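Let me begin by presenting the structure, written as structure tokens, before commenting on it.
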Amino acid sequence: MKLGYGPAGAGLIAAALVAVAPVGAQAESSGRNLALSCFSCHGPAGKSPDTIPAINGKNKAFIVKEMVGFRDGKRKSTVMQRIAKGYSDAEISALAGYLATVK
Amino acid sequence: MSRLTRREFTAAAGASAAAFAAPAVAQGKGGRIVVVGGGFGGASAAKYAKMFGGDSVDVTLIEPNKTFYTCPFSNLVLGGLRDIGSIGHGFDAMKKRGVKVVQDMVTGVDHAKKTVTTAGGASIGWDRLILSPGIDFQWGKIKGYDAAAAEKIPHAWKAGPQTVLLRKQLEAMADGGVVILAPPANPFRCPPGPYERASMIAHYLKTKKPKSKVLIVDSKDKFSKMPLFLEGWKKVYGPMIEFIPQSKDGPVTEVDVGGKTVITEFGAKHKGDVVNLIPPQKAGKVADIAGVTAKSGWAPIDRRTFASTMKKDVYVIGDASIASPMPKSGFSASSQGKVVAAGVVDSLAGKAVADPSFANTCYSLVAPEYGISVAKVYAWQGGKLVGVKGSGGVSPKGAPASFRAEEARYASGWYASIAADIWG
């Protein structure tokens, strides 16, 4: 699979993060390993069947913005702010890159 | 599955193995992955191995039951919030994905020949074997408690008929009765589970038999999400739930099945009208059969890959594995199953196995509209599997009712999502 860095509007945050993110196949497989956890609450490929918000079909920049928002406490939540604190900028970039491409 | 079909299947598996397995592995193209156990860990591993490996891998899932009943949400069945059918999951979707599902019991593992044999007489070859055997009970650790006793005093710590049995006993109990719940010492499957169970039973009693009570006779002093449970119990159930720590009476050492009495090390006797004893546990029997269980009763692994440290090309995931700091939860098992599937497919393809990343979120219901959670992110750092500093933790204490209600809503959303992710 190609590493999708989302549409051109990925923005400065993503652009800055790419620099410290792992590159190539390693980035793809680590992004995948990071993102696999998401599906356990948000449903397979992020397509939630019930009360938890779906996260499929989002571009990378959006996912990065949300995750950073949860992590830094700007975005209120029940559990996501606790979970987002487990990921570095580079990891958020890698997992968002994978999520943006997964079908 | 009929004997003939199984033979045909074995023949087919053998043929395909002969056709491509050995040379394929040598060329780094793919291979045969056999997964044992269709629960949270195994079903996740089988589904994702097929998704990641596609036609290059031959994936077989062996599970003795036609339907897998989940321990998560089985407490809701006890509380009358759900019926047993709603926590049962079959394997039709798995079959449609191209996973060969064999309904059978594993009776042998030959590591030299790399085959698994079953009670039904099948012999299935593997290049990589992923075991997700769950737990078995250490019968005999509690004097008087064995498999036969469990038909009178259920453990209900493997969901299905045991869940239904305990529910029926609760239904048959007269108002004013005492339900004794005796959780084990650590480690055991689903650390917050017994306390969600106490909550759900109390919910049922409060609604239908309000003079009754739940007495927890614990074999430890502290438990998962303890301050949150205590806060919730006080608020919702008042004195209906009583907790006796092991420092008061000592751990439970004996049970009088006929007298429905649990007896502790310090000689205290607690008699109930319904008794739910959750006995000490160990890795599921399949781990013993495969020779991957250590003296502790659990399966030691390389926590980066979940490869057994005792047998080559064998992986152990879920409750059976020693995966600390990860808890023995369904979420953990599924998280492990997916990442391990990715690693196994990559290694068969001759690619490097990426560092793992796992997560765990455990919701518990204190009441139908009162949910609490604990979460953590796990990473491979400095050659160790660690809980990431600053990540996770429990729901805030003293949160408003709206927060608890939202977590209860997310609890049911989580169940629907993870079930779809694994068996859907």
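Coordinate-derived values only; no laboratory data. On a predicted model such as this, the values are computed, not experimentally measured, just so you know. Using ideal geometry, Cβ is built from the backbone for each residue, glycine included, and neighbour counts are taken over all protein chains shown.
Qualifying trypsin sites (Lys or Arg not before Pro) in the stretch B:190-266, where qualification requires a DSSP coil assignment and no more than 16 other C-beta atoms within 10 Å, comprise B:Lys211, B:Lys220, B:Lys222.
Based on DSSP H segments of at least four residues, each scored -39500 (n - 2.57), chain B has a per-residue ellipticity at 222 nm of -9500 deg cm²/dmol. Charging the Cβ of each Asp and Glu at -1 and of each Lys and Arg at +1, and nothing else, the dipole of the stretch B:233-372 about its Cα centre rounds to 180 debye.
By the gyration tensor of its Cα atoms, with a ≥ b ≥ c the square roots of the eigenvalues, what is the shape of chain B: rounded for a/c under 1.5, prolate for a/b over b/c, or oblate? Spell out each step's value before the answer.
Working: a/c = 1.98, a/b = 1.69, b/c = 1.17.
Since a/c reaches 1.5 and a/b is larger than b/c, the shape of chain B is classed as prolate.
Using a simple charge model, +1 on the beta-carbon of Lys and Arg, -1 on the beta-carbon of Asp and Glu, nothing else, what dipole does chain B show about its Cα centre, in debye to the nearest 20? Write down the numbers at each step before the final one.
On the way: 54 positive and 34 negative charges, 34 e Å.
The calculated dipole for chain B is roughly 160 debye.
Neighbours of B:Val386 by Cβ distance under 11 Å: Lys/Arg scored +1, Asp/Glu scored -1, total +4. Modelled spin labels at B:Asp175 and B:Asp288, positioned 7 Å past Cα toward Cβ, are 4.6 nm from each other. Near B:Leu76: Cβ cut-off under 12 Å, other residues only, Lys/Arg at +1 and Asp/Glu at -1. The net charge is +1. Given +1 at the Cβ of Lys and Arg, -1 at the Cβ of Asp and Glu and no other charges, the dipole of the protein assembly as shown around its Cα centre is 440 debye to the nearest 20.
Considering only B:Trp298, B:Ser364, B:Gly37, the residue lying farthest towards the positive end of the dipole of chain B is B:Ser364, judged by Cα position with unit charges set on Cβ. Going by neighbour counts of Cβ atoms within 10 Å, the residues A:Ser48, B:Ser44 line up, fewest first, as A:Ser48, B:Ser44.
Arrange B:Met173, B:Met105 by Cβ neighbour counts within 10 Å, fewest through most, would you? Mind dumping the intermediate values first?
On the way: B:Met173 19, B:Met105 16.
By the 10 Å Cβ count, ascending: B:Met105, B:Met173.
Ranking B:Leu228, B:Val345, B:Ile263 by Cα position along the charge dipole of the protein assembly as shown, where only Lys, Arg, Asp and Glu carry charges on their C-beta atoms, puts B:Leu228 farthest toward the positive end.
Pick out, in residue order, every one of the trypsin sites (Lys or Arg not before Pro) in the stretch B:333-424 that is DSSP loop and has at most 12 other C-beta atoms within 10 Å; say none if there are none.
Answer in residue order: B:Lys389, B:Lys397.
Taking Cα atoms only, the orientation of helix B:401-423 departs from the longest principal axis of chain B by about 30 degrees. For B:Lys209, the shell of other residues with beta-carbons less than 15 Å away shows a net charge of +3, using +1 for Lys and Arg and -1 for Asp and Glu. Fewest-first ordering of B:Thr70, B:Thr107 by other beta carbons within 10 Å of each residue's beta carbon gives B:Thr107, B:Thr70.
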